[in-house]
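The values are calculated or read from the model by the stated rules, or taken from the named source; none is laboratory data. Since the model is a prediction, treat every value here as computed from it, not as a measurement. Every residue, glycine among them, receives a Cβ derived from its backbone with ideal geometry; neighbour counts consider all protein chains shown.
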Amino acid sequence: MDVLELLKKYSTEVDREIGKALDTVDPEELHDASKHLIKAGGKKIRPSLVLLSSEAVGGSVEGALKTAAAVELIHTFSLIHDDIMDQDEMRRGLPSVHTIWGEPMAILAGDIIFSLAFELVTQTHNEDIPSKRVVEALKTVVDACIKICEGQAFDMSFEGKFDVQEKEYMNMIYKKTAALIAAATKAGAILGGGSEEQVKALAEYGRLIGMAFQIQDDYLDVVSEETAIGKPVGSDIVKGKMTLMVVHALSKASAEDEEVLISILNENDEKNVEKAIKIFEKYGSINYTHDIALKNVQKAKKLLIAVEDSPSKQGLSLLADFVLQRSH
């Protein structure tokens, strides 16, 4: 089974469900702004995880489809608002929503997408899914949304702060990135009728691959080619972002190297990227980052023992590996 084929298989159904929801949006300008990032594509990892988790515990795609679409809408909402806050002009190879329609309309687009997500979860109609499960899935999604906002606030608070501890960084990426992925697998397992043990295992599987996903992003920013990641190599360094690599290097560096690295992160100059990478290499921070991501994926795959062997279980295992194998 090929991972990209697997994602494509689920994304077709998810896109159809999202399209139906967004087609209700008026006026036309808000409708177009709301659909912009969805039309731009994306791998649809999160909704695929909802559907795979539902199937893995004996549930159906149909019963979890609206929640899968909701999870993708929440992810899209977070990207639109992130781009506004970070003033990023490109997303998925296209101009970001706020650069085309302006910030006020982009905020509204994010807000309406966010609202439609919750409406979709509540529209789960299937005689095999009791309303109690729908409510539990909704609670799971709501909790993830709260964490996303907290994670973004933590991330913003790290700007210009160079004494961030690894524990603090891990808490930030859990809330900002991993919480929604954990919610995807947990909600899917709930709607699929999984046992308490299965729901707990799949939620933790989602958290671990979500953590690995963000840590791998940190890693790719330094080791990838520009054409593969769609942005300049070392762009996180230029922006002065706190990544696991930076946190680790600063915790290990000599006073002199610490001063140099902080100076680089403050200067926002792409000419300094190579110098920063040399410091990362000196203290083993690049390999450390990759090893943490790898360990998370390995732990996640072991948790799949909670579900019976099936194509869906195989799909979950392949998606865990894909987190590390992707080039962007």
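Observations on the structure shown:
- Inspection of the stretch 8-31 identifies at least one residue that is more than 30 Å from Glu159 (Cα to Cα), among the aromatic types (Phe, Trp, Tyr) and touching a residue at least 40 places away in the same chain (Cβ under 8 Å).
- Any hit, the stretch 284-299, residues being modelled with pLDDT under 95, of a type in the set (Lys, Arg) and buried (at least 16 other Cβ atoms within 10 Å of the Cβ): no
So that you can scan it fast, the table gives a plain yes or no per residue for (1) surrounded by 19 or more Cβ atoms within 10 Å (Cβ to Cβ); (2) more than 23 Å from Glu103 (Cα to Cα):
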| residue | (1), (2) |
| --- | --- |
| Leu4 | no, yes |
| Lys8 | no, yes |
| Thr12 | no, yes |
| Asp15 | no, yes |
| Lys20 | no, yes |
| Asp23 | no, no |
| Asp32 | no, no |
| Leu37 | yes, no |
| Lys43 | no, yes |
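- The set of residues from the stretch 32-66 being of a type in the set (Gly, Ala, Ser) and in contact (Cβ under 8 Å) with a residue 60 or more places away in the chain comprises Ala33, Ser34, Ser48, Ser53, Ser54, Ala56, Gly58, Gly59, Ser60, Gly63, Ala64.
- Checked against (1) within 20 Å of Leu49 (Cα to Cα); (2) of a type in the set (Asp, Glu); (3) within 19 Å of the chain's Cα centre (by Cα), Glu136 passes all but condition (3).
- Pairs meeting the criteria (first residue in the stretch 109-128 and touching a residue at least 40 places away in the same chain (Cβ under 8 Å) and at negative phi, second residue of a type in the set (Asp, Glu) and surrounded by 14 or more Cβ atoms within 10 Å (Cβ to Cβ), beta carbons under 9 Å, at least 6 apart or on different chains) are Ala109/Asp32; Ala117/Glu72; Leu120/Glu17; Asn126/Glu62.
- Search result, residues across the stretch 292-307 that are of a type in the set (A, V, I, L, M, F, W, C), part of a helix (DSSP H, G or I) and within 17 Å of Ala189 (Cβ to Cβ): Ala300, Leu303, Leu304, Ile305, Ala306
- Here Phe162 meets each of (1) within 25 Å of Ile262 (Cβ to Cβ); (2) modelled with pLDDT of 95 or more with one exception, condition (2).
- Residue selected from the stretch 45-78 under the condition surrounded by fewer than 24 Cβ atoms within 10 Å (Cβ to Cβ) and part of a loop (DSSP other than H, G, I, E, B), by the criterion nearest to the chain's Cα centre (by Cα): Ser60
- Unique residue being under 20 Å from the mean Cα position of the chain (by Cα) and over 30 Å from Ser54 (Cα atoms) when the list is Val141, Val97, Val121: Val97
- Residue check for Ile215: among the aliphatic types (A, V, I, L, M), over 18 Å from Ser78 (Cβ atoms) and at pLDDT below 95: no
- The single residue among Lys8, Lys44 that is under 23 Å from Ala144 (Cβ atoms) and of a type in the set (D, E, K, R) turns out to be Lys44.
- Candidate set: the stretch 133-176, residues that are among the polar types (S, T, N, Q) and free of Cβ contacts under 8 Å to residues at least 40 places away in the same chain; chosen: the one nearest to Ser60 (Cα to Cα): Asn171
- Identity of the residue in the stretch 31-44, farther than 30 Å from Asp309 by Cβ and outside any helix (DSSP H, G or I), that ends up modelled with the lowest pLDDT: Gly41
- Residue in the stretch 134-146 that is in contact with an Asp or Glu (Cβ under 7 Å, 6 or more places away or on another chain) and crowded, with 16+ Cβ neighbours inside 10 Å present: no
- The condition (being without any contact (Cβ under 8 Å) to a residue 24 or more places away in the chain, of a type in the set (D, E, K, R), closer than 27 Å to Lys241 by Cα and outside any helix (DSSP H, G or I)) is satisfied by just one residue among Asp83, Asp88: Asp88.
- Residue check, Gln198 buried (at least 20 other Cβ atoms within 10 Å of the Cβ), in contact (Cβ under 8 Å) with a residue 40 or more places away in the chain and not aromatic (Phe, Trp, Tyr): yes
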